[in-house]
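Chemist: This structure is in structure tokens; I'll ask about it shortly.
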Amino acid sequence: MKERLIRLEVFRYNPDTDTEGHYQHYEVSCLEEWVVLDALNKVKETLDPTLNFRWSCHMAVCGSCGMMINGEPRLACHTFLRNYPGTIRVEPLVHFPVERDLVTAPDDFMEKLKRVKPWIIRKDKQPIEQGEYRQTPKELLRFRQYAMCINCTLCYAACPEYGLTRHFIGPAALALAHRYNQDSRDQGRDERQEVVATKEGVWECTFVGACSEVCPVHVDPASALQQMKIASSFDWIKEHLLPGGGK
Amino acid sequence: MSRKPLIREVPPTTWYFRHPRYLRYMSREITSLFVGAYCVLLVCGLGALADGKESYEAFLLALQSPLSIAFHVAAFIAALYHATTWFNATQVAMPIQIGENFVPGSWISGAHYVVWALLSVVVILLAGVF
Ligand code: SF4
Ligand code: FES
């Protein structure tokens with residue numbers, strides 16, 4: 001197996017001693033088929049145990065290893081060294097506060113996720129004895145793509161709207177609202193609309209489309225947002241232009 | 001241990017230089033200025049028409065100036081680019097599910113192109129070009 005000397009330029013920030021970040025260079029010998037996360041782990045094990053970064057699954061499932069790799073939001077466990085011939089610049093995800101080194105604070109995203117009520121809401125809860133709410137494969141396919149989100153927040157780092165306008169609910173949380181709205185078992189769309197169809201919600205999106213370009217699991221959050229814009233516009237037309245408010 | 005997270009501000013006026021995809025987005029947005037300017041031109045034309053024959057003919061003559069022709073070419077290219085970006089987006093914004101499967105995206109965008117071409121032919125015929 002081929003080894004190569006990998007040169008990394010890593011963002012460092014220590015909240016106890018620093019007031020701003022700086023870059024530190026490392027050189028480690030890595031196997032060609034490794035990913036950036038492997039290189040970081042080797043740095044931590046052999047060169048610098050103080051380097052901080054998050055990871056868990058090493059298989060693009062847990063969503064915790066998101067970072068900027070050569071300026072692009074990516075999962076470090078899903079970014080192969082063989083595609084990066086030169087120095088690799090690794091920075092914490094932009095648009096989020098940096099807790100330490102490559103570790104960012106996702107608090108804002110977590111708050112926003114809660115606000116879209118990403119769970120099944122029923123107006124007529126049926127008793128347990130009646131069994132589960134059933135669904136056909138066709139109904140499942142209406143939302144399955146949006147249920148694949150791993151909450152890695154790469155889309156927030158890609159979205160300039162979120163970077164500039166902090167109140168924007170943002171791609172992943174809104175895509176998850178859409179996921180539940182599209183679910184045949186759910187009856188909570190009206191409640192979610194109070195957050196979704198607002199200037200903090202889909203109407204803050206100007207369709208840059210960056211979220212969908214960077215999403216590692218092809219959720220395509222931009223499509224969810226555009227679909228919600230269209231549906232919200234129809235709501236408005238029904239309410240304001242049709243006799244009886246479309247009721 | 002207390003937290004002291006580092007906040008990195010996004011430059012409010014130069015952010016779109018940070019990534020080529022943001023420049024692509026801005027170029028799409030800028031094309032809408034041409035579309036808007038063309039609407040203003042049409043309103044001016046209507047105004048000239050309402051003012052009577054003479055002023056309308058002066059308006060038509062002004063349209064033939066090199067500057068006006070250059071503007072028309074630029075506005076046409078901008079409108080083409082603007083329209084194609086939106087037509088290509090329709091496939092993700094308006095998915096159609098038939099049975100379990102979704103209609104291929106290219107059909108949805110393609111249908112928009114077909115309608116666009118047909119409407120353009122109608123407009124050209126109405127304008128008496130042929
Ligand atoms: S939508 Fe995609 S990029 Fe955004 S958090 Fe979910 S998985 Fe990550
Ligand atoms: S370590 Fe879990 S997604 Fe990368």
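The values are calculated or read from the model by the stated rules, or taken from the named source; none is laboratory data. All figures in this text were calculated on a predicted structure; none of them were measured in a lab. Glycine gets a Cβ as well: all are built from the backbone with ideal geometry, and neighbour counts include every protein chain shown. The accessibility values were calculated without ligands, DNA or RNA, using every heavy atom of the protein model including side chains. Shrake-Rupley method; radii C 1.70, N 1.55, O 1.52, S 1.80 Å.
Chemist: Quick one: residue A:170 ticks every box in (1) open to solvent by 10 Å² or more (accessible area, probe 1.4 Å); (2) within 23 Å of residue A:216 (Cβ to Cβ); (3) not hydrophobic (A, V, I, L, M, F, W, C) bar one, so which box is it?
Modeler: (1)
Chemist: Can you list the strands (runs of 3 or more DSSP E) lying wholly within the stretch A:37-119 that have 1 or more residues being more than 15 Å from the chain's Cα centre (by Cα)?
Modeler: Working: elements: A:66-69, A:72-75, A:88-91, A:98-100.
Correct list: A:66-69, A:88-91, A:98-100.
Chemist: Oh, and also: Does any residue in the stretch A:44-65 that is within 14 Å of chain B (Cβ to nearest Cβ) come within less than 6 Å, Cβ to Cβ, of a residue that is more than 6 Å from ligand 2 (Cβ to nearest atom) six or more places away or on a different chain, and which pairs are these?
Modeler: Every condition considered, the pairs that remain are A:52/A:100; A:52/A:101; A:52/A:103.
Chemist: Among the numbered criteria (1) within 16 Å of ligand 1 (Cβ to nearest atom); (2) touching a strand residue (DSSP E or B) at 6+ places or on another chain (Cβ under 8 Å); (3) within 14 Å of another protein chain (Cβ to nearest Cβ), which one does residue A:95 miss?
Modeler: Of (1) within 16 Å of ligand 1 (Cβ to nearest atom); (2) touching a strand residue (DSSP E or B) at 6+ places or on another chain (Cβ under 8 Å); (3) within 14 Å of another protein chain (Cβ to nearest Cβ), only one is false for residue A:95: (2).
Chemist: Being within 14 Å of another protein chain (Cβ to nearest Cβ) and of a type in the set (Phe, Trp, Tyr) is the filter; apply it to the stretch A:127-166 and report the residue that is farthest from residue B:20 (Cα to Cα).
Modeler: If we filter the stretch A:127-166 for residues that are within 14 Å of another protein chain (Cβ to nearest Cβ), which is where we start, we get A:135-146, A:154-166.
From what is left, the residues that are of a type in the set (Phe, Trp, Tyr) are A:143, A:146, A:156, A:162.
On the way: A:143: 31, A:146: 27, A:156: 17, A:162: 18 Å.
Residue satisfying both the conditions and the ranking: A:143.
Chemist: Could you say whether any residue in the stretch A:109-124 is open to solvent by less than 40 Å² (accessible area, probe 1.4 Å) and touching a Ser or Thr at 6+ places or on another chain (Cβ under 6 Å)? Before you say what the answer is, go through the steps one by one.
Modeler: Here is the first cut: in the stretch A:109-124, the ones open to solvent by less than 40 Å² (accessible area, probe 1.4 Å) are A:109, A:112-113, A:116, A:118, A:121.
Narrowing further to those that are touching a Ser or Thr at 6+ places or on another chain (Cβ under 6 Å): A:109.
Looking for residues that are open to solvent by less than 40 Å² (accessible area, probe 1.4 Å) and touching a Ser or Thr at 6+ places or on another chain (Cβ under 6 Å), one finds at least one in the stretch A:109-124, hence yes.
Chemist: Given the residues A:147, A:105, A:158, which is the only one that is among the aliphatic types (A, V, I, L, M), surrounded by 13 or more Cβ atoms within 10 Å (Cβ to Cβ) and under 18 Å from residue A:210 (Cβ atoms)?
Modeler: Values: A:147 fails: under 18 Å from residue A:210 (Cβ atoms); A:105 fails: under 18 Å from residue A:210 (Cβ atoms).
Only one candidate qualifies: A:158.
Chemist: Another question about this same structure. If I ask for residues that are charged (D, E, K, R), away from ligand 1 (no atom under 14 Å from the Cβ) and closer than 15 Å to residue A:10 by Cα, which ones from the stretch A:68-92 would you list? So that I can check it myself, show each step before the final result.
Modeler: So in the stretch A:68-92, the residues charged (D, E, K, R) come out as A:72, A:74, A:82, A:89, A:91.
Checking the rest, the ones that are also away from ligand 1 (no atom under 14 Å from the Cβ) come to A:82, A:89, A:91.
Result: A:89, A:91.
Chemist: Would you confirm whether or not the stretch B:106-126 contains a residue that is assigned to a loop (DSSP other than H, G, I, E, B) and either out of contact with any Lys or Arg (no Cβ under 7 Å at 6 or more places or on another chain) or within 14 Å of chain A (Cβ to nearest Cβ) (or both)? Full working, then the answer.
Modeler: Going through the stretch B:106-126, the residues assigned to a loop (DSSP other than H, G, I, E, B) turn out to be none.
Looking for residues that are assigned to a loop (DSSP other than H, G, I, E, B) and either out of contact with any Lys or Arg (no Cβ under 7 Å at 6 or more places or on another chain) or within 14 Å of chain A (Cβ to nearest Cβ) (or both), one finds none in the stretch B:106-126, hence no.
Chemist: Further question: Mind telling me which of the residues A:124, A:186 ends up being at pLDDT below 95 and either away from chain B (no Cβ under 14 Å) or within 16 Å of ligand 2 (Cβ to nearest atom) (or both)? Reasoning before the result, please.
Modeler: Details: A:186 fails: at pLDDT below 95.
The unique qualifying residue is A:124.
Chemist: Given (1) modelled with pLDDT under 95; (2) farther than 30 Å from residue A:145 by Cβ; (3) open to solvent by 40 Å² or more (accessible area, probe 1.4 Å); (4) not aromatic (Phe, Trp, Tyr), identify the lone condition not met by residue B:119.
Modeler: (1)
Chemist: A further question on this structure: In the stretch A:209-226, which residues are surrounded by 24 or more Cβ atoms within 10 Å (Cβ to Cβ) and in contact with a Pro (Cβ under 6 Å, 6 or more places away or on another chain)?
Modeler: Residues satisfying the conditions are A:211, A:221.
Chemist: Based on what the data block shows, is residue A:200 closer than 27 Å to residue A:157 by Cβ, open to solvent by 30 Å² or more (accessible area, probe 1.4 Å) and in contact with a Phe, Trp or Tyr (Cβ under 7 Å, 6 or more places away or on another chain)?
Modeler: On the way: closer than 27 Å to residue A:157 by Cβ: yes; open to solvent by 30 Å² or more (accessible area, probe 1.4 Å): yes; in contact with a Phe, Trp or Tyr (Cβ under 7 Å, 6 or more places away or on another chain): yes.
The answer is yes for residue A:200.
Chemist: Here is a follow-up. I need every pair where a residue in the stretch A:138-157 that is charged (D, E, K, R) has its Cβ under 9 Å from the Cβ of a residue that is in a helix (DSSP H, G or I), sequence separation at least 6 or different chains.
Modeler: A:144/A:179
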